[in-house]
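Derivation of every value follows stated rules applied to the coordinates shown; laboratory data play no part. Every value quoted in this text rests on a predicted model; they were computed, and no experiment measured them. No Cβ is skipped: glycine too gets one built from the backbone with ideal geometry, and neighbour counts run over all protein chains shown.
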Amino acid sequence: MRQNGDEGVRATPVVGVRRDVAVKRARKPPGAASAGCGKSATMTAGENAMPQFVIEREIPGAGNMSEAELQAVAKKSNAVLKEMGPEIKWLHSYVTGDKVYCVYLAPDEETVREHARRGGFPANRVSAVRRLIDPGTAG
């Protein structure tokens, strides 16, 4: 199920990641180049392109979850990821008041939704990332 005008949208792979290697894009070394304007939002190593997705999960009270509760959710997610194999990678998540926004690498939206089904997590909206920008985009 695609939402918000994503019908027929195919995510573009983000440069620098093999399917079998988890990457933490949130932590760049000091002085590292930014993605910049025009960079596609997929990670690739040779022919192994991995589209990037943002998953919006409506979880009332998410921002008030304890460290133990967050750890339990992360452990469950990691267990499902291990079962599913190297085709899907969880990069990181942002926890807000009543929602969690997760960033994943996966071959397609259905793989992301399958992870949610197996883990018992909501996946209220799955959006393919089309471009990455940051302060360095300004030039």
Report summary line: For the range 53-139, inverting the pair-averaged 1/r of distinct alpha-carbon atoms gives a Kirkwood value in Å of 13.7 Å
Query raised in the report: For the range 44-139, which chymotrypsin sites (Phe, Trp or Tyr not before Pro) are both in a DSSP coil and crowded by at most 10 other Cβ atoms within 10 Å?
Result: none
Report task. Take every Cα pair under 8 Å in the range 74-139 that's 6+ residues apart, average their separations, divide by the length, and report that relative contact order as a whole percent. Result -> 25 percent
Report task. Would you mind calculating the gained length between GLU67 and GLU87 on full extension (0.36 nm times residue separation, minus the Cα-Cα distance), in nm to one decimal? Result -> 4.4 nm
